[in-house]
Amino acid sequence: MTLRRRLVLSIVALVVAVSAVIGAGSIIALASIQTASIDGQLQKATDRASTKFGEGQGSPNGQRPADDWLQPLGQAAGTLTTYYVSGGAGGFVLQEDGSRAQLTAAQLKRLGDVKVGVDPATMNLGGTLGKYRVAAVQVDNPVLGNAVLVVGLPMLPVYESVWSLLWVVIIVVGAALVAASVVAAGVVRRSLRPLERVAETASTVARMPLERSDALQDVRVPDTDPRTEVGRVGSAFNRMLGHIASAMQARERSEQKVRQFVADASHELRTPLASVRGYAELTRRMGGDLPKDVVYAMSRIESESIRMTSMVEDLLLLARLDEGREIQFDDVDLTGLVLDAVNDAHAASPDHPIEVDVPSSPVVVPGDAARLHQVIVNLVTNARTHTPDGTRITVGIAPSASGSGVDLTVRDTGQGIDPEFLPKLFERFARADSSRSRTAGSTGLGLAIVDAVVQAHGGSVEVTSEPGDTVFTVHLPGEQPAVASAAAPAAAAAAAAPAAAEDWSETPTVPAPRD
């Protein structure tokens, strides 16, 4: 349940509770007042009846000789009067027209149980009479002798007043409930509006790719008033964003220094590596009289210089992609690039059957031909390097499932990739084996280059893997991105330093590693 709903329900429940208490108190008070008023009237009616009955003037009349003594002047309609003597009992209820309604034997019997000298009591006489407030007094009649006189007044007016007030209370409470709901909803909505703005700002910040510190959005000044609870939350949130921005700026400066160092080092290393390679090759070719071990050493120096030059070129390419350079857009025949890469792979690794699944007509996309060719070569090489001989590799081109652009897929039937390693598969220098084995010749930069080049083209690369089916899917948009380096910040997010370098596992019984 939301805070707003809890507050509204709490306010409405409080209003209902207060209204119910006030209404119940009013009803009880009204019933008590009305009952007290009835008791006062009953006392007067009892005094009049006992005075009249005690006089005993006149002769007994007809079958009810005491009826004339039980009806003094001034009694209200509905007044009940009964007498009890040793010889019998009698009584009636005075009607509106002045006539007398005789009581039944059962009613006389119940009224005979009323004690003399006690406070008035409420008694249900049944029939058409209902509940009566009754009191008993002892009177001496000159003719009948010692008698008990019971006088009562109807409680119907009291109950009618109480029921009328109850309905009034119900209507008032209902109206108060509706009014309280509307007012509470408005007040709570207005009171929580600053908190909603703070929450909206937090949600916006949470959805943002935190790659640049200037992208952070602060809470507005009116919502940072320290005198209010929401203001304190907003102020604390702004301070937190300030700390995050400072940390991100420090990280950006550090990453920029690392990228600059990698770019400069890669650029500067190219010349000495070319010299080392050239002199090693020259010595190997001209040293006909050199010992075999020296010739072998020269060949190894030449081979390692070539491998190191390739790594330096990869690092330099990544550094340039981070800076938004190195991509030159033109119309590229993607089908031709796939066929060229597959032919090269056939020559380099005849033990891996490679199939091509491309449309019969050329597929043209905007991009950099050299860089897209490198993407295809890296993916195919990755599949060849990290799967056993005989693994089938399929390179395909198909329209994108989203309806815009082209999907380039590289599928193999190898062991698959360890699920725990998938999230960091495209990180630089990432290897599944920390032993840094060079058996597979992996530098940990191939897939990082793929990711950086594809993002620089405005596309994306995804991978799904399970034993027997691993698929790399490269989505290339059908139109040139507005900014060629739009994906450069995302590519630059990966650390260029090799501190987190990991090596690939070569155990054939586990998911195959990927470069």
Segment 294-387 pair-distance distribution - Cα-Cα, 5 Å bins, rounded %: 2, 11, 15, 18, 18, 16, 10, 5, 2, 1, 0
I'd like the accessible area for Ser299, computed on protein heavy atoms only with a 1.4 Å probe and all protein chains in place. Round to 10 Å², please. 40
Find out how many positive minus negative residues lie around Thr413, taking Lys and Arg as positive, Asp and Glu as negative, among other residues whose Cβ is under 13 Å from that of Thr413. -2
What's the extension gain from Lys292 to Ala20 if we count 0.36 nm per residue and subtract their Cα-Cα distance? 87.2 nm
PRE reach from Thr128 (point 7 Å along Cα→Cβ): which of segment 91-110 fall under 18 Å by backbone N? 91-108
Put Val258, Val116, Val139 in order of accessible area, largest first, 1.4 Å probe: what do you get? Val116, Val258, Val139
State the percentage of accessible surface on segment 345-420 attributable to carbon and sulfur atoms; use a 1.4 Å probe and exclude ligands, DNA and RNA. 50
Between segment 360-410 and segment 103-169, the Cα center-to-center distance that results, in Å: 104
At 1.4 Å probe size, put Arg300, Arg384 in order of accessible surface, largest to smallest. Arg300, Arg384
What is the sum of charges around Ser460, taking Lys and Arg as +1, Asp and Glu as -1, for the other residues whose C-beta is under 14 Å from the C-beta of Ser460? -3
Sort 95-101, 370-376 by the packing proxy (mean of other Cβ within 10 Å over each peptide's residues), most packed first. 370-376, 95-101
Hey, what did segment 66-179 get for relative contact order, percent, Cα under 8 Å, at least 6 apart? 22
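The values are calculated or read from the model by the stated rules, or taken from the named source; none is laboratory data. The shown structure was predicted, so the numbers you read here are calculated from the model rather than taken from an experiment. Quick reminder, even Gly has a Cβ in these numbers, built from the backbone with ideal geometry, and neighbours come from all protein chains shown. Each accessible area value is taken on the protein alone, full model and side chains, heavy atoms only, with ligands, DNA and RNA left out. Shrake-Rupley method; radii C 1.70, N 1.55, O 1.52, S 1.80 Å.
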